[in-house]
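The next block holds one structure in the form of structure tokens; read it before the comments.
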């Protein structure tokens, strides 16, 4: 009896310990173990996956893997180089004058009335499997009818899927969709000024839509578009007004990716939209990956497109790529990864911890985890901490094609105007605001002080002494050094404000309009106030909500303001147009919030826009930058740096700030990942054993009492 009771207790204790020891921290289903899956995270749920509407970074993370515009960026080469994606070659525009006569390739923009781009698709490219392509025995769409959406919650609920070849009609159909009055494409306004007939098509569709019930299909095929012409099954032409070389960059964006008419019709059926069966939710394209799971509050899944064409990893890049192992997969078929799982992470700490455990293959670095991951030396260079290096984690840094700046309103009576005196005031402030200090304090060193609006990687950006802003920096011992504060004080006096006071002794007070986010944070504003105080200028901060801030900028009711700009495409025009006279925010509602107007600058910009990259264009860009540096309509702030980490098992990663279809190039060493995950996540047995011992000691008196009672009960 005594032995039996002790045995029961021992078995119970062992079962308890075994149950506790069996806990495992892998967040993914066991069925995914050992599979060729990339695990990553997203923070903001995408609003649009329809390429006619999608325009944000958190959306293009998905759309760039699914859709294929005609062109793409070379994965490795820098500066960025366009190359063919679905077309046979990058098209060279043909130019014509107002009489229809062919002009030479170097024709001046004033002579060009029309540009023609002819694109020929590579035969044999096929769409991802999708029920919109399924046909019945008679060759008619299988899923077409009033009640087709009943009982279906996702694309997988349609048992039959099919595919077909990509043809010119698909690209033409998508270009027409830019003018769809119910889709509100963010680039319709710009493209309607460029593509011949697109504005007129928009007006025609606007009238036609009035007679079509809301939500019903608007078939675009019967509506002609003058500036887009089908030549044959694989070839089409796009005609533009005037000369616009930057159009090639737009042909690398999802806005110009093909959308098949069948998919548009399929999703326009009754009941589809109510169940999120739309292009905005379930996209269909020819890209390397297809969407198979869409729960934007939790998990998004992309799987390899079984119909993807033959495309290979590049065999050329830039200096250092071979040494970095980025050419090891030269000539191998893409994509390498079978599946991509995106998990939504709203908080930075869980995201970071899962990365350290190996459950995310790559990660950004939040402010909370920066010191744990990165150390910045005295010279400002970043390197990994010992903890990260021991894990084999790699740090990838790149300067983004973005700029943050403080603008002056040139219409303002104090900081505005084009006189030398007012320019000196703006230059004095530019010297006083220590961008390097700001980057160090508030950006964890993740930024590069701007010398002009042009960031690295954009044609016209120059390093070294030739690239500095000579009105704000000196070149000392091979480095750019901010001019001393005494120089700013001297300029301020020459501007009519010695010691920060005007001729009547009245202190100079300037107003900064801002929102509650960004520069509106108290610590940043306190720092900025101290920068102005260095030259005896009083700064008054007027904080407001975003809509009110935008309205004040639009009406020109500001003195100073902060804004930023992310490049749509890697061309100097995409930054330098921000200070074009006809882009004046107050005058024309454009993007020039400073309302800067310099006729010479505008003349050079108009000429530079239509030129190809080369020595002549570079010289014009240099002249434009010197004008801006002299006039100082902005305090050129900084170009943000991206810091990302990845594990050693993730191969072929290289930062790319303009091309987003990058996941097809990446590769995973699945076996190495499994080995390191197991090593980093071994169960800790000693707490369990210690807990069992503590439990045993706690229960031992009760066990002894029980055994005593059992023994007494057994006595005769």
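Since every read-out is calculated from the coordinates, none of them should be taken as a lab result. Note that the coordinates shown come from a computational prediction; the quantities given were computed from them, not determined experimentally. Here the Cβ positions follow ideal geometry from the backbone for every residue, glycine too, while neighbour counts run over all protein chains shown.
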- Item | FRET efficiency for residue 45 and residue 504, using Cβ-Cβ distance with R0 set to 60 Å, rounded to 0.05 | 0.60
- Query: Put a dot 7 Å past each Cα toward the Cβ at residue 324 and residue 210; how far apart are the dots in nm?
  - Reply: 5.6 nm
- Item | Sites residue 708 and residue 644 - FRET efficiency at Förster radius 51 Å, r taken between beta-carbons, to 0.05 | 0.15
- Kirkwood Rh and Cα Rg combined as Rg over Rh, evaluated for the stretch 450-592: 0.99
- With label points built 7 Å along Cα→Cβ from the Cα atoms of residue 372 and residue 543, find their separation and express it in nm. 2.9 nm
- Hydrodynamic calc, the stretch 56-267: Kirkwood Rh from Cα pairs, then Stokes-Einstein at 10 °C with viscosity 1.306 mPa s, so D in µm² s⁻¹ is 84 µm²/s
- Task: Under 17 Å from a label point 7 Å along Cα→Cβ of residue 74: give me every residue in the stretch 604-634 with its amide N that close.
- Result: 613-614
- Additional length obtainable on full extension of the chain from residue 223 to residue 113, 0.36 nm per residue less Cα span: 37.1 nm
- Task: Would you mind checking the stretch 412-437 for residues with the amide N under 17 Å from a putative spin-label position 7 Å along Cα→C-beta of residue 533?
- Result: 432-434
- Counting only DSSP beta bridges with both residues in the stretch 402-642, tell me the antiparallel percent, nearest 5. 65 percent
- Note on the structure: Using alpha-carbon positions, the gyration tensor of the stretch 402-642 gives root eigenvalues a ≥ b ≥ c; with a/c under 1.5 called rounded, otherwise prolate if a/b exceeds b/c, else oblate, the class is rounded
- Can you tell me the FRET efficiency between residue 678 and residue 383 if r is taken as the Cβ-Cβ distance and R0 is 22 Å, rounded to the nearest 0.05? 0.20
- Stretched fully, the stretch from residue 200 through residue 146 gains (0.36 nm per residue minus C-alpha distance, one decimal, in nm) 16.2 nm
- For labels at residue 231 and residue 97 in the simple 7 Å Cα→Cβ model, what's the distance in nm? 2.5 nm
- Item | Rounded to whole Å, sorted largest first: equivalent-ellipsoid semi-axes of the chain, Cα gyration tensor | 51, 41, 24
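What full-extension length gain, to one decimal in nm, is calculated for residue 494 and residue 137 as 0.36 nm per residue of separation minus the Cα-Cα distance?
Length gained, residue 494 through residue 137: 120.0 nm.
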- Note on the structure: In deg cm²/dmol, rounded to the nearest 500, the helical mean residue ellipticity at 222 nm of the chain, built from -39500 (n - 2.57) for every DSSP H run of length 4 or more, is -9000 deg cm²/dmol
